[in-house]
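First up is the structure itself, then whatever we jot down about it.
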């Protein structure tokens, strides 16, 4: 069972047993994290308004009718994660697509030519070319750095659930590269170009992207203070394992003197509804340990 689950974590999907791991969505929408700029909520509204429900139902019917083993519950997660990807496309320079399941839905959407063109125009103002899925567990250094940067921004914007990792691949296996960490720790505000954030002349969008950079700098500073803390009490004050971005930063900044295992059980007990299991997700925690 463990090996089977590891195979499913790349999002290739389609088996009845794998589909049973998906829970119904706990909340509508994209589940943005708290404290984001108002522009992010406006962007989510624009995304939903650009995706007519009637069209989405047609896409769902075509995919599900051709794959009787695909559950309705899993499909809702596939659709939601693709919407999240569209959202990221408005903030990043071509974020990687880490799921063959999402690619499948995207290509089916494009098959409805007129509907898809209207969606692209309403949401982005240009034609969004469907992407090919990248391996969710990259092996090369460059691909791992790209994955790390993606996870940092994804975790900064969205709540991370186990089902997301079943589709996108397990999180917190790839550290951030030295360039990104240096930019996030720079005394002078650096553009953090290695993260792939867009540069734009649109004022509200530029302000929202800068707010994301600042949020990441603050999380990086907190993770660094965690490793520099001289007492357990000080370390606990700097620990925020409910935030996937903090977990990745703490993992990336670890040293021999201050190691950090992002796959270890949470360091402190929190109510299940409050702790979103950012250390990869409690539902699949035991099954995704490196072999």
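The values are calculated or read from the model by the stated rules, or taken from the named source; none is laboratory data. Every value quoted in this text rests on a predicted model; they were computed, and no experiment measured them. When we count neighbours, we look across all protein chains shown, and the Cβ atoms used for this are built from the backbone with ideal geometry, even at glycine.
Output the number of the condition that residue 170 fails; it satisfies all remaining conditions of (1) farther than 14 Å from residue 92 by Cβ; (2) in a helix (DSSP H, G or I).
All conditions are met except number (2).
Yes/no matrix, rows are residues, columns are (1) loosely packed, with under 13 Cβ neighbours inside 10 Å; (2) at pLDDT 95 or above; (3) more than 23 Å from residue 147 (Cα to Cα):
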position	(1), (2), (3)
3	yes, no, no
10	no, no, no
17	yes, no, yes
36	no, yes, no
39	no, yes, yes
42	no, yes, yes
48	no, yes, yes
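If I filter the stretch 128-153 down to residues being more than 17 Å from the chain's Cα centre (by Cα), modelled with pLDDT under 95 and in a loop (DSSP other than H, G, I, E, B), which single residue comes out as farthest from residue 241 (Cα to Cα)?
Only one residue fits best here, namely 140.
Only one of 52, 68 is at pLDDT below 95 and either more than 23 Å from residue 163 (Cα to Cα) or surrounded by fewer than 18 Cβ atoms within 10 Å (Cβ to Cβ) (or both). Can you tell me which?
Details: 52 fails: at pLDDT below 95.
Every option except 68 fails the conditions.
Looking at the stretch 200-207, can you tell me whether even one residue there is under 17 Å from residue 93 (Cβ atoms), assigned to a helix (DSSP H, G or I), without any contact (Cβ under 8 Å) to a residue 60 or more places away in the chain and in contact with a helix residue (DSSP H, G or I) (Cβ under 8 Å, 6 or more places away or on another chain)?
Taking the stretch 200-207 as the starting set, the residues that turn out to be under 17 Å from residue 93 (Cβ atoms) are 200-202, 205-206.
Then keep just the ones that are assigned to a helix (DSSP H, G or I); that gives 205-206.
Filter once more, keeping what is without any contact (Cβ under 8 Å) to a residue 60 or more places away in the chain: 206.
When the remaining residues are screened for being in contact with a helix residue (DSSP H, G or I) (Cβ under 8 Å, 6 or more places away or on another chain), the result is none.
Taking every residue of the stretch 200-207 in turn, none turns out to be under 17 Å from residue 93 (Cβ atoms), assigned to a helix (DSSP H, G or I), without any contact (Cβ under 8 Å) to a residue 60 or more places away in the chain and in contact with a helix residue (DSSP H, G or I) (Cβ under 8 Å, 6 or more places away or on another chain).
Based on this model, can you work out whether residue 191 counts as at pLDDT below 95 and either under 24 Å from residue 46 (Cβ atoms) or in contact with a strand residue (DSSP E or B) (Cβ under 9 Å, 6 or more places away or on another chain) (or both)? Write out each step before concluding.
Numbers: at pLDDT below 95: yes; either under 24 Å from residue 46 (Cβ atoms) or in contact with a strand residue (DSSP E or B) (Cβ under 9 Å, 6 or more places away or on another chain) (or both): yes.
For residue 191, the condition - at pLDDT below 95 and either under 24 Å from residue 46 (Cβ atoms) or in contact with a strand residue (DSSP E or B) (Cβ under 9 Å, 6 or more places away or on another chain) (or both) - is met.
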